[in-house]
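Below: the structure, in C-alpha cells.
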Amino acid sequence: MSRRHTLSWCLLATGATATGLALWAALTSSFDDNPPAIFVFFALIALAWTTGGAAAARRPAGQRMGILMTSVGVTWVLGALTDVDNSFAFTLGLLLNNLWAAVLLHALLAFPSGRLEPRARLPVALGYVSVLPVQFAMVMVATPKDLNSCDHGCADNALLVTRNQDAFHALAVFQIVLAAVAIVWGVVLLIRSWRRATPLERRAIAPIVWLGSTAILMVIVGSIVSTFSKSGADVPGLISLTAFLLVPIAFVVGLVRARLARSAVGDLVVELGETPGPGGLRDALVRSLRDPSLEVAYWLPEEHAYVDAEGRPFPDPAPDRGTTLVMHAGERVAMLVHDPALAEQRELVDAATAAAGLALSNERLQAELRRRLEELRRSRARLVEAGDAERRRLERDLHDGAQQRLVALSLTLRLARSRLESDPAAAEQALTAAEEQLTQALAELRELARGIHPAVLSDHGLAPALRALADRDPLPVDLDVSLEERLPWQVEVASYFVVAESLTNVAKYAGASAVRIEVGRVDGRATVLIADDGVGGADPRRGSGLRGLTDRVEALDGRLTVKSPQGQGTTVLAEFPLHAE
Amino acid sequence: MSSGLAACEHARMAIRVLIVDDHAAFRATARSLLEADGLEVVGEAGDGASGIAAARSIRPEVVLLDVQLPDTDGFAVAAELAGNGHRPTIVLTSSRSAEELAGMLATTAADGFIPKAELSGAALASFLR
C-alpha cells in the first residue's frame, strides 16, 4: 500500500474513532438534554469532513489538504467534551469548543494545495488567537452557562477563577471582532483568488469558494445571533450546523468534478478508438482536458522540429503558455501547448496523454508523411521547373551562340562569292573570316554539349570527368576519387553536377584559396564531399543552385548536407544509397 | 530584279540603312554585305531604345531591325517607328524563320521580313516604300 493510502486510512480511522468517542460521551452524559437526532447530525458532519479528508489524502499532493480537512472533523467533535461528567475533560471541551472554526478557515484558505500563501497567514493566525487564548481568558471568568454550553447539571469549570460578567462580555465582543476580521479577510482573499484564476483553476475552486464563503458568513451570523440572543441556542445553532454541513459537500463536489475529469479520459479512450481524422485527436483532447486553447505539435526527429497535424511548421509556444511533452514507447512524440493551469491537473494530463500516446504516435507519423508528401510534391514541381528552365537556357544559348555564328558565316560566304570575280582579295579576306566564324561556332557547340552532358563522364566515368572539372577550375583542387568500380550512371551524373555546381559556387562566393574533393564508397553508400577554406555562411535554403542539387540528390534517395559556419569554409556532402541490383 | 534598287541607282544615291541588332558580329557582317551591295549603312544600334533614338536623329530610309532585342522586341520598335512623323521603311530580320514568327509577322507594322541568312542589299531594297 502506498504512503498516500496509509495516510488516508489513518485519517479515516482517527476521524471515526473521535466521532465514536464523542457520540459515546454525549449519549452517556448525565446532563445533556439535546435530542439524539442532533447527535446524529453532529456525527454526520464530523464523518463528512473525515471522509473528505481521507479522500483528498489519496490524491497526489493532496496529503496536506486531507490532514486539514480531517482536522476540521476531529476538532468539530471536540465540542462533545462539553457533554461529559469529568470536570477536566469538560473544561478542555469549553476551551476547544470553537477551535474547529479556525481550522475550517485555515483549510479554506489553504485550498487546494494545503499550504497557506504568505498573505493568508495573518487572517488564519487571528482566527486561532480568537478561539484559543481569547477563549482561554473567557473560560477563566465565566460559568458553563455563561459560555452557552449547558443550562443545568453540567460538570464544573475547572479553570474558573472568578465569575466576572463585564469582563466576559468584553472578551466575547473582542472574540467576535477578531473572528469577524479573520473571516472577512479570508473571504476577501478567496474572492481575490477567484478573480485571478484562469478558467481551468476556477473549475477546481468554484465549489469551495462559493459554498465555503457562504458557510463562513452563515457561521458569523449564527455566532452573533447566539451571543446576543437570550432565547436559547437552538435556531442559530441549527444555522451554523447547516452551513457547516455545506462545506464538506463543497469539497465532495470538488472531488466529484475531479472524478468527472478523470472519466473524461475514459471518453477520450473511446473516441480514440473511432480513428479521428487530422486534427480530430486535438478536438478529443480539448474535450477531455477542457482546454479550448489546446494545441498539439508533432515532433519530427529527422528535422528536429515540431509540425502541426498537416505537417506545417509549428511556431514556438508563447512564454505564458504551458507545455507538456508526450512520450510514447520511450520516444518523443508530441508536445501539448495548453492553458498553464492544466499543470495543476498533472494527473489528468498524464492520464490523457498516456491514453492518447499511441494515437498521437500514429498521428505524428501521419503528419510526417504529409510533410514528406508535400516536400515530394514541391521537389517534383521544382524538378520539372528546373528542366523547363534548362531547356529555355539551352534554346537561348543555341540561338545567341552557334546559330548567330552560323548566320554570320552564311552571310560572309555569300559576300565572298559575290566578290570572287570583282575583288578576289576581298573574297579571300571574307573566306578567312568565315573560317574563323566556323571555328568559333564549333567551339561554342562543344561547350554547350558538355554543359548538357559531359561525354567523358558517360564514356570514362566519374574520376576523369571530375579531373577535367578540377583542371578547368581557377583554384587549386585536391581531387581524391577512391572508387573500385563505376557507380550507377544516375549517381555519376548527380555527383558530377554536385561537384560542378559546388565549384561554381566556390568560385563565385567563397573567397577560398583551395578546394578539396573526396569521392568514395562507404557501407553501401557513395559519398561526394566538396570542402573549401573560404568565408562560409552559405545558406542551403537560399539560392536555386543548392536547392536544385538537393532535389537531384533526393530524387535518388540520397541526402545533401551543407555545413557552412561563418568564417570556417563550406562543406557540401552528398550521399547516395547504392541499391544492390 | 528590283525596281527599288533601279530607282535608287537612277537617283545616284545609295539607300541609307540603320542596323538595329544586339549581336555585334551580325552587325559587322551585315554592314560589309550591304555596303558591298551598294547600300550605305549610316548607323548601328544594339538595343530597341537606342535604335529608336538613332532612327529619329539619323532619319535613315531603311531600318533593318532584329526581332529579338535585349530591352524589347522588334515588333514593338516597329510599331513605335511606324507611328512616328518620319516613317522609314522597316524590315525585320531574325535567325528564326518566317514560319516560326508567322503569328507575329501577320500583324506587324513593319514592311517586310528577311531571314538573317538570306540578307542582301537587293532583298532589303525590295521592301523600300
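No lab work stands behind these numbers, since they all come straight from the coordinates. All values reported here derive from a predicted model rather than from experimental measurement. Positions of Cβ are backbone-derived with ideal geometry, glycine not excepted, and every protein chain shown enters the neighbour counts.
Protection proxy ranking, highest mean first, for peptides B:60-67, A:380-387: B:60-67, A:380-387, where packing is the per-residue count of other beta-carbon atoms within 10 Å, averaged.
I'd like the mean, over residues of B:115-122, of how many other protein chain beta carbons sit within 10 Å of each residue's own Cβ. Intermediate results must be reported in sequence, preceding the final value.
Details: counts 2, 7, 9, 4, 4, 4, 1, 0.
Taking all residues of B:115-122 together, the mean is 4.
Of the residues A:Arg450, A:Arg472, the one with the fewest other Cβ atoms within 10 Å heads the list, and the complete ranking is A:Arg472, A:Arg450. Here each label is just a point 7 Å from Cα along the line to Cβ, and for A:Gln568 and A:Glu554 those points are 2.5 nm apart.
The calculated FRET efficiency for A:Ala158 paired with A:Met327, based on their beta-carbon distance and R0 = 51 Å, is about 0.20.
Here the range A:324-340 and the range A:48-113 have alpha carbon centers that stand 41 Å from each other. Candidate cross-link partners of A:Lys145 among the aspartates and glutamates, defined by an alpha-carbon separation under 18 Å and a same-chain spacing of 8 or more, comprise A:Asp32, A:Asp33, A:Asp83, A:Asp85, A:Asp156, A:Asp166, A:Asp234. Mean per-residue shielding of peptide B:23-35 is 5, counting Cβ atoms of other chains within 10 Å of each Cβ. The C-alpha atoms of the protein assembly as shown occupy a region whose extents along the principal axes are 159, 71, 48 Å, arranged from largest to smallest. Per-residue Cβ neighbour counts within 10 Å put A:His579, A:His399 in the sequence A:His579, A:His399, beginning with the fewest.
Under the rule a/c < 1.5 gives rounded, and otherwise a/b versus b/c splits prolate from oblate, where does the range A:305-361 land using the Cα gyration tensor? Provide the component values of the computation, followed by the final result.
Details: a/c = 2.22, a/b = 1.06, b/c = 2.10.
Cα axes put the range A:305-361 in the oblate bin.
Going by a ≥ b ≥ c, the root eigenvalues of the Cα gyration tensor, does chain B fall in the rounded group (a/c under 1.5), the prolate group (a/b larger than b/c) or the oblate group?
Judged from the Cα gyration tensor, chain B comes out rounded (a/c under 1.5).
Sorting B:Ile19, A:Ile45, A:Ile38, A:Ile452 from the fewest to the most surrounding beta carbons within 10 angstrom yields A:Ile452, A:Ile38, A:Ile45, B:Ile19.
Which shape class applies to the range A:18-120: rounded if a/c is under 1.5, otherwise prolate when a/b exceeds b/c and oblate if not, where a ≥ b ≥ c are the square roots of the Cα gyration tensor eigenvalues? In terms of gyration-tensor shape, prolate.
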